Structures are given as structure tokens and as C-alpha cells.
């Protein structure tokens with residue numbers, strides 16, 4: 001249709017006018033009135049944003065940058081045949097880039113960045129052979145970069161950042177002999193950097209925030225014209241050539257942060273005289289900071305944080321004296337390395353422009369030098385997590401531009417200097433975990449910009465100064481816990497209108513809780529436990545957003561206030577334990593969830609849900625005359641006695657029918673070995689030695705033990721019988737495991753029901769030992785398990801199939817269906833072949849046709865226990881546990897395995913969860929959310945990405961998308977939308993096979 005129009009359109013500039021009118025017709029928003037002049041009262045060459053050539057009066061430029069326009073880009077734009085400059089940037093255009101733009105053979109500059117354009121980049125753009133600049137950044141473009149772009153021989157700038165582009169960087173880019181700028185960061189590009197780009201004239205190469213792999217791109221070493229290299233947040237590895245500074249003499253910016261580079265920092269970088277910014281944050285660099293860096297006179301940014309750099313054992317931190325020669329240095333980050341020694345006085349000679357000095361997480365000792373005050377431009381001084389001793393110098397008050405001061409986790413002593421109040425622009429003050437003493441200085445009240453104040457875990461005494469709490473205060477977080485503060489909490493604490501978190505716990509604060517706290521409407525966290533507060537709990541009806549409230553271990557009295565019942569569902573934890581509260585415990589709101597409340601230690605409380613095991617509240621009686629009361633007592637006694645006799649009879653009958661089960665005689669284990677004694681388990685674990693402890697289950701600790709003459713290694717789960725429900729969990733696990741047989745269910749060898757050496761009840765279960773531990777330590781290894789090789793894609797897929805097969809058996813093949821109720825990575829055990837076994841049946845439920853739970857007469861969600869993040873949402877609404885709940889947990893487990901993210905990670909807040917995270921990125925490309933460690937192959941082997949997909953038997957994207965779709969279906973919010981495990985197991989097998 002466009003071609004037909006072009007051939008039939010009037011000759012000359014009338015074609016341009018019609019094209020502009022058609023362009024405007026597809027706009028849906030011009031609220032700023034930008035195109036109000038686009039009417040017949042003016043010649044179109046005088047319309048806003050339009051430029052015409054003087055000779056032919058044809059449109060040569062259309063510049064509508066930042067005009068608040070919305071709509072789609074009309075294909076008629078391709079009829080502006082004289083167009084040389086097209087700029088539609090910084091608007092809200094959506095839809096696709098019209099391929100008709102490829103007809104504009106005179107076009108030199110095409111700028112459409114900062115819109116919402118989608119689809120792929122049209123290959124036809126490669127026909128615009130005059131293009132010098134092509135900017136399409138900050139859109140929603142996907143698909144690969146067209147290889148046809150290699151024909152744009154005049155192109156000097158190609159800018160495609162912040163899209164969803166995928167696939168490799170085309171080797172054909174090497175044909176762009178005039179290319180000076182290549183911006184590709186923040187996409188989903190894969191593979192390596194092609195060697196062919198060394199044939200260009202690149203000055204700027206930005207390719208960070210992609211999935212690029214390999215060593216430092218060798219092609220870059222051949223581009224002596226380069227002044228900017230940005231490779232941050234990718235998967236590059238290996239060492240940097242020592243002669244990089246000789247090969248790239250024009251380098252000004254080198255950003256390599258968040259990769260896996262290793263080896264030393266090349267000394268030759270000190271030869272690059274124009275080098276201004278070096279950022280290698282979060283890599284694996286080792287060795288020392290080159291002393292020759294002191295000769296980089298233009299250096300303004302040096303970020304070496306989170307590596308394995310160290311200082312000389314003899315010279316300590318003397319290299320800082322060399323860096324003091326960098327007269328333009330503005331930012332120095334040495335955080336979380338292995339530097340040790342005392343801070344030299346030469347730090348006072350740093351550049352007067354230095355605004356960030358970050359030294360946290362090292363082994364710095366000694367005192368903070370007084371000369372630190374010479375750095376009057378400092379905005380941020382961070383020295384936490386070191387071994388610094390002595391006092392905070394009084395001179396620190398001269399750092400009047402300081403906004404953030406972090407000295408926590410050291411060995412500082414003495415008082416907070418009163419001069420701290422001179423730093424009126426201070427926003428963050430972190431002095432936690434030291435040995436500071438004395439009173440909190442009144443002068444802190446002069447820090448009017450303070451948002452975060454952390455003074456916890458020190459030795460402060462005295463009261464919390466009311467002068468520090470002003471109506472104009474901006475404080476968001478105040479933590480003075482774990483000190484020796486006393487006196488009442490100042491009533492003017494209610495002035496802190498912006499306060500989100502207040503922690504005064506573990507002090508000696510007394511008096512009543514100020515009612516003014518109810519004025520802090522932004523409260524999310526309030527911790528007041530372990531003090532001497534007394535009196536009733538105020539009616540804080542204004543605290544609508546509170547999530548955590550802990551008032552335990554005080555002397556509070558009175559009844560539980562009604563406002564706690566009516567708080568929104570945001571309240572996640574409420575601790576009122578160990579006070580002097582009285583009266584009836586509510587059953588509504590949070591009080592219906594035993595995992596979210598604590599009320600024990602209040603002797604006068606009664607009622608509540610049965611799981612709290614509180615005494616019943618006395619029945620309310622109507623007033624009677626005194627003369628009738630003796631008769632009432634007699635009647636009551638007779639009734640109670642009759643009830644007691646009846647109850648004892650029922651209990652006796654129940655005991656006779658169930659004693660065999662409850663006491664677990666040897667024959668109740670059927671195929672199990674003979675029950676084992678406490679002494680044998682004590683010996684097998686070297687007296688339950690802590691060195692034998694290998695983990696924790698639902699109701700106790702798990703030990704590694706050696707049994708019998710053959711030295712069989714076993715896992716021994718010892719129950720903590722003080723934990724409410726532990727014995728019930730013991731029975732549940734025994735009953736569940738004694739009646740089931742499946743290759744992917746952990747096998748129980750025997751059990752112990754006895755007494756320990758202190759004559760206390762003792763119960764334990766003995767399992768087969770799994771040499772590879774649980775799945776959680778492989779998905780999220782801590783420091784102790786960092787030596788573990790990542791699980792490959794096939795290993796993870798096989799594990800999910802094992803788990804699905806076991807759940808299918810439990811749900812559909814047992815005579816009585818069994819619900820696990822606590823499926824999560826730590827309950828999946830792995831043997832030496834990485835075969836998966838479901839373990840920990842302490843919360844399991846059996847389902848009978850009568851639909852009654854054999855272990856609980858109160859099956860509501862308030863009685864249900866599980867693990868946050870894996871519990872099906874319907875359980876929170878009182879729905880009885882079902883097989884659908886296990887399916888939900890399995891879906892979360894699957895998504896966690898293939899994204900590498902826990903469902904409880906910090907990024908998942910409010911209405912954004914793991915499922916929405918997967919959905920939001922799945923439309924871009926499945927590998928964008930994939931846990932990249934699965935490309936490491938089988939444990940102990942090397943496997944490339946292609947090998948993995950060959951073994952999958954289907955296309956990469958199809959394989960991953962299929963896995964994620966199963967996870968999303970299983971973790972659907974509504975139980976009726978979830979598959980059963982029989983179908984899930986079949987689907988996973990089809991992906992693998």
C-alpha cells in the first residue's frame with residue numbers, strides 16, 4: 001500500500017506534506033500541543049520540528065526530540081525521500097520501527113532512543129547507506145542485531161543499549177571501518193566479542209550488562225584508538241594482559257566490574273597518562289595495588305572493591321601515600337579486600353577533591369588519624385568491618401560536607417565526639433558493634449538531615465536525649481538496641497513522623513510506652529523487647545503499615561488491645577511473650593496464625609486458638625444472690641466430676657486402641673532394622689559432638705554418625721522435644737516413612753524412642769547418609785561450600801524429575817495419599833550420583849476419604865506450619881492442606897533452581913514475587929533469568945552450552961521456556977489452575993527425553 005502510494009502521489013513537495021499528515025494521524029497524544037502548527041495555515045516547511053531544503057523545499061530534517069508525543073510511527077515516513085535527519089527521541093512511541101525507513105537513502109542520522117518501540121530492528125535499515133549515526137537505545141527491541149548492518153560503511157555511531165536484544169554480536173560489524181562508537185550494554189547478548197571488530201576505528205566500546213563470555217576480548221588489544229571500555233556485569237573471566245597499558249595508550253575509562261577476572265592488576269596501566277576512571281569492582285583480582293598508579297595525574301575514580309587484593313606484609317598500607325599524588329582523585333574504593341595495617345598519616349594528603357573514601361571490610365587496625373579531617377570535600381567515609389581501635393577523633397567534626405559516616409563493626413572506644421553535631425548535612429551515621437560508651441550526645445540533634453542512625457551493640461548509658469528528637473527530624477531508621485540505656489522513652493518520639501524502623505530493644509528503658517508512638521504513621525518495624533516497660537499496651541490505631549512488632553520480655557500488663565486484631569495483613573510477626581498480660585487472646589487477624597505470634601510467658605492469658613495451648617477462659621456468669629452460690633458450686637463440682645470420669649474413660653479407650661502406634665514398638669517399623677538404643681547413637685556421634693552436626697530438620701538437629709562393626713555412615717535426626725509439635729512430627733515421619741517405598745524417598749533405617757543420660761525423653765530417626773548433602777547448599781553455596789561445582793542444566797532437570805516422580809507416588813500411588821507439606825531445597829537430599837531424595841516428613845499429612853487429618857483435629861491454616869516462600873497461598877486463608885499445596889511448593893522449587901533466586905530474596909517485595917519476576921523476563925528471553933551456573937556442565941566436567949542443549953534434545957529457548965512454564969503453572973495462585981504431579985512428571989520427562 002505504501003509503495004502504491006509512492007508511485008501515485010503528486011510530484012514534488014506535496015508528497016512530503018501528505019507523509020507528514022499521515023505521520024500525525026497515528027499520534028495518540030500531543031497534550032503539549034507541539035504539532036498545533038501542523039495545519040494548512042502554514043506551509044509545512046514552517047511546521048514545528050520540520051526543516052526543508054532551500055532549493056527544492058523538500059523535508060530534510062524532522063526533529064521532534066522530547067515533545068511528549070505518543071503513538072506509532074507511520075510507515076509514510078519512508079516517503080520523505082530527501083530526509084537526512086530524523087530524531088524522534090524521548091517520546092512515547094510504541095509499536096514497530098517501520099521497515100519503510102530503509103528507503104531513505106539520503107538519511108544520515110536516525111535517532112529514536114528513549115521510547116517504547118518493540119519488535120526486531122528492521123533489516124531494511126541496512127539500505128540507508130548514508131547513515132552516520134544510528135541510535136535506538138532505551139526501547140523494547142528484541143531479536144538479534146541484523147548482520148546486514150555490516151553494509152553501513154559510513155556508520156560512525158551505533159547505539160543500542162537498554163533493549164532486549166539477544167544472540168551474538170555480529171561479526172559483520174567488523175566491516176564498519178568508520179565505526180567509532182559501539183554501545184551495546186544492558187541487553188541479552190551472548191557469546192564472545194568477535195575478533196573482527198579490531199578492523200574498526202572504535203574509540204568507545206560499551207558491552208556491559210549482557211551474557212557475554214570468554215576472556216578479556218582480544219580484539220580490543222588491537223584498537224589503540226580506544227578511550228572507553230565498559231564490560232561490567234557480564235561473564236568475562238581470565239587475566240588481563242600485562243601490556244594492556246602499552247597497547248591502549250589513549251584509554252580514559254576502564255570499567256570491568258562484576259565479572260570473574262583474575263590475576264594481578266597490570267602495572268602497565270600507569271603508562272596511560274589520560275586514564276581517568278578504573279573500576280574493577282567485584283572480580284577475583286589478586287596481588288597488590290601498583291604503586292605506580294600514583295603517577296596517574298588525571299585519575300579521578302579508582303574502584304577496586306570486592307576483590308582479593310592485599311597489601312605488603314612489611315609496608316602495610318603505604319601504597320596509600322602513592323595514591324595521594326593523584327591530585328584529581330575524587331573516589332577511592334578499596335572495600336572488602338585483604339588489606340591490612342594501620343592507616344598512614346598520608347591519607348590526610350589525598351586530593352582536596354576526594355568525596356568518597358571507602359575502606360570497609362579489610363584488616364585495618366590502629367587509630368583513625370586526626371588528619372582525616374583534611375579531606376574536607378568528603379561526602380562518604382566508610383571504614384566498617386575492620387579492627388580499628390581508639391577514639392573517634394574530635395577533628396571529624398570538621399568534615400562539614402560529610403553525608404555518610406560508617407565506622408561500625410570495629411573496636412572503637414570512648415565517647416561519640418560532640419563535634420559530630422557540626423556535620424549538619426549528615427544523612428547516615430553507622431557506629432554499631434563497637435565498645436563506645438557514655439551518653440548519646442545532645443549535639444546529634446543538630447544533624448538535621450539524619451535519616452539513618454545505628455548505635456546498636458555498644459555500651460551507651462543514660463537516656464535517649466529528647467533534644468535529638470525534633471519535630472523537623474527526618475529520621476527513617478533509629479537503632480539503639482543492645483546498650484545500657486535507661487529512663488523513659490521520650491514522649492516526643494512521636495515527632496518522628498517519617499520513622500519506618502525503631503529498635504530500642506535489649507536496654508533498661510522503663511516507664512510506659514508513649515502513646516505518641518501512634519503518631520509515627522510510617523512505622524513498619526518496632527522492636528522494644530527486653531526492657532522494663534510497664535503499663536498497658538497503647539491503642540496504636542494509626543500504625544496501619546506495621547509489619548514487625550516485638551514487645552516481649554517487659555512488664556506490660558492489661559489486656560491485648562483490639563487494634564492488634566484489626567491491623568492489616570501486612571503484620572507478619574507479633575511477639576507479646578513474657579509480660580504480665582491478662583484476659584482472652586483474640587482468634588481473629590494475626591492471632592489465627594501460630595507461626596506469626598508469640599504470647600507464651602503471660603500467666604493470666606487464656607483462650608485463643610487451640611494451638612496456643614492456653615487455658616480456657618472462665619465462662620461469663622450472670623449475677624446471682626449470695627444464697628444461691630453454694631448450690632451452684634455443688635452443681636458445678638458434680639458436673640465437673642462426671643465430665644472428668646467420662647473423659648478418662650474415652651482417653652483410656654483411645655490409648656488402648658492406639659498405644660501400639662504411639663509407643664512405636666519394633667514391629668510398627670515393619671521392614672526397619674531393630675530399634676536402636678540411645679547409648680548406641682551417643683557413641684555413633686561422639687556424644688552428639690558439634691563437629692558431627694550437619695544440619696537441621698523441622699524439629700531438631702541432624703548428625704553424621706557411624707553405626708555397627710562395619711562402620712556404616714548414617715544421618716541421625718535428634719528431635720528437640722521442647723519444640724511444640726515435635727513429638728507429633730516424630731509420629732508423622734514414622735507413620736509416613738514406614739508405609740512407603742520409592743527410589744526417590746529417603747529411607748529410614750531405624751528409630752530410637754528412649755531417655756537420655758539426663759533422664760529426659762529422647763527420640764531420634766536414623767536415615768541413610770547422603771554424601772552430597774541437600775540441594776540448598778548446591779543452589780546457594782555459602783563460604784563453607786564455595787568449592788562446590790555448580791549443578792549443570794541436566795543435573796537440575798534430573799533432580800526435578802526425581803522430585804516430581806516421588807511426589808507423584810505420594811499423591812497418586814499410595815493407598816492413602818500423603819502430603820509432604822514442607823517441600824523446599826533443604827529437604828531434598830542428593831546421593832553420590834546426584835539422585836534426589838525427598839526427606840523430612842515431620843509435617844506430612846495423610847488424607848482419608850473422610851477428609852480428616854489423622855494428626856490434627858484443627859486443620860486450619862493457623863495450625864499449619866511450613867516454610868515462608870514455599871507455602872501455598874490458600875493455606876493462609878484456612879484451606880486444609882492438599883496435594884495442590886505440594887504442587888505449588890514444587891513450582892517454586894523449580895523456578896528457584898533455574899533462576900538461582902530464592903522466593904524470599906530481597907528483590908521480592910510487596911506485589912513482586914518470583915513468579916512475576918519469571919513472567920516479566922520470560923517475554924524477553926528465557927536465558928535472561930537463567931541461573932548461568934548451569935552452563936558449567938556436570939560436576940567435575942567441562943560442558944559447553946551447545947552440549948547442554950543437544951542433550952536436552954530441543955531448541956535452547958524451547959527447552960528453557962518449557963521448564964519455566966511448568967514452574968509457573970505449578971505455582972499458580974489458584975489450586976484449580978495447577979497441574980497434578982502425574983502430569984508434571986510426564987512433562988519434565990518429555991523435555992529431557
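The values are calculated or read from the model by the stated rules, or taken from the named source; none is laboratory data. The structure displayed is predicted, hence computed values, not measured ones. Please note: Cβ atoms are built from the backbone with ideal geometry, for glycine as well, and neighbour counts cover all protein chains shown.
Might you check whether a residue that is buried (at least 17 other Cβ atoms within 10 Å of the Cβ), in contact (Cβ under 8 Å) with a residue 24 or more places away in the chain and in contact with a helix residue (DSSP H, G or I) (Cβ under 9 Å, 6 or more places away or on another chain) occurs anywhere in the range 428-435?
Pass one, the range 428-435, residues buried (at least 17 other Cβ atoms within 10 Å of the Cβ): 428-434.
From the residues that got through so far, the ones that are in contact (Cβ under 8 Å) with a residue 24 or more places away in the chain too are 428-434.
From what's left, in contact with a helix residue (DSSP H, G or I) (Cβ under 9 Å, 6 or more places away or on another chain): 429.
Checking the range 428-435: at least one residue is buried (at least 17 other Cβ atoms within 10 Å of the Cβ), in contact (Cβ under 8 Å) with a residue 24 or more places away in the chain and in contact with a helix residue (DSSP H, G or I) (Cβ under 9 Å, 6 or more places away or on another chain).
Tell me, yes or no, whether the range 215-228 has at least one residue that is closer than 26 Å to residue 114 by Cβ, touching a helix residue (DSSP H, G or I) at 6+ places or on another chain (Cβ under 8 Å) and crowded, with 22+ Cβ neighbours inside 10 Å. No, every residue in the range 215-228 fails to be closer than 26 Å to residue 114 by Cβ, touching a helix residue (DSSP H, G or I) at 6+ places or on another chain (Cβ under 8 Å) and crowded, with 22+ Cβ neighbours inside 10 Å.
Restricted to the range 448-489, the set of strands (runs of 3 or more DSSP E) holding at least 2 residues that are within 20 Å of residue 423 (Cα to Cα) comprises 452-454, 477-479.
From the list 872, 863, exactly one residue is over 20 Å from residue 816 (Cβ atoms), in the same structural domain as residue 973 (by TED's automatic domain parsing), surrounded by 17 or more Cβ atoms within 10 Å (Cβ to Cβ) and at pLDDT below 75. Which is it?
Values: 872 fails: at pLDDT below 75.
One residue alone meets the criteria, 863.
Being surrounded by fewer than 16 Cβ atoms within 10 Å (Cβ to Cβ) and in a loop (DSSP other than H, G, I, E, B) is the filter here, so list the residues in the range 546-560 that pass it. Correct list: 559 only.
Residues that are assigned to a helix (DSSP H, G or I) and either crowded, with 16+ Cβ neighbours inside 10 Å or under 28 Å from the mean Cα position of the chain (by Cα) (or both) within the range 971-981 comprise 975, 977, 981, listed in sequence order.
Condition check for residue 508 on (1) surrounded by fewer than 16 Cβ atoms within 10 Å (Cβ to Cβ); (2) modelled with pLDDT of 90 or more; (3) more than 22 Å from residue 459 (Cα to Cα): one failure, at (3).
Within the range 586-609, how many residues are outside any loop (DSSP other than H, G, I, E, B) and more than 36 Å from the chain's Cα centre (by Cα)? Walk me through it before giving the result.
In the first step, residues of the range 586-609 are kept if they are outside any loop (DSSP other than H, G, I, E, B); the result is 589-592, 597-598, 604-607.
So of that shortlist, the ones also more than 36 Å from the chain's Cα centre (by Cα) come out as 604-607.
Within the range 586-609, residues that are outside any loop (DSSP other than H, G, I, E, B) and more than 36 Å from the chain's Cα centre (by Cα) number 4.
What do you reckon, is residue 825 touching a strand residue (DSSP E or B) at 6+ places or on another chain (Cβ under 8 Å), at pLDDT 85 or above and closer than 23 Å to residue 874 by Cβ? When the stated conditions are applied, residue 825 passes them.
Report yes if some residue within the range 515-538 is surrounded by fewer than 15 Cβ atoms within 10 Å (Cβ to Cβ) and touching a helix residue (DSSP H, G or I) at 6+ places or on another chain (Cβ under 6 Å); otherwise report no. No, there is no match, as no residue in the range 515-538 is surrounded by fewer than 15 Cβ atoms within 10 Å (Cβ to Cβ) and touching a helix residue (DSSP H, G or I) at 6+ places or on another chain (Cβ under 6 Å). Among the conditions (1) within 23 Å of residue 522 (Cβ to Cβ); (2) assigned to a loop (DSSP other than H, G, I, E, B); (3) at pLDDT 95 or above, residue 434 misses just one, which is (1).
With respect to the conditions (1) surrounded by fewer than 16 Cβ atoms within 10 Å (Cβ to Cβ); (2) at pLDDT 95 or above; (3) within 21 Å of residue 260 (Cβ to Cβ), residue 274 lacks only one, and its number is (3). All of (1) over 12 Å from residue 458 (Cβ atoms); (2) in contact with a strand residue (DSSP E or B) (Cβ under 6 Å, 6 or more places away or on another chain) hold for residue 411 with one exception: (1).
Of the strands (runs of 3 or more DSSP E) contained entirely in the range 673-763, those carrying at least 1 residues that are surrounded by 22 or more Cβ atoms within 10 Å (Cβ to Cβ) and modelled with pLDDT of 80 or more fall at 700-707, 712-719, 748-755. Consider the range 338-359 and keep the residues that are within 27 Å of the chain's Cα centre (by Cα) and at pLDDT 95 or above. The one that is surrounded by the most Cβ atoms within 10 Å (Cβ to Cβ) is 359. Any chance you could count how many residues in the range 194-214 are part of a strand (DSSP E or B) and in contact with a helix residue (DSSP H, G or I) (Cβ under 7 Å, 6 or more places away or on another chain)? Counting residues in the range 194-214 that are part of a strand (DSSP E or B) and in contact with a helix residue (DSSP H, G or I) (Cβ under 7 Å, 6 or more places away or on another chain) gives 2.
In the set (1) touching a helix residue (DSSP H, G or I) at 6+ places or on another chain (Cβ under 8 Å); (2) surrounded by fewer than 19 Cβ atoms within 10 Å (Cβ to Cβ); (3) not in a helix (DSSP H, G or I), the condition left unmet by residue 377 is number (1).
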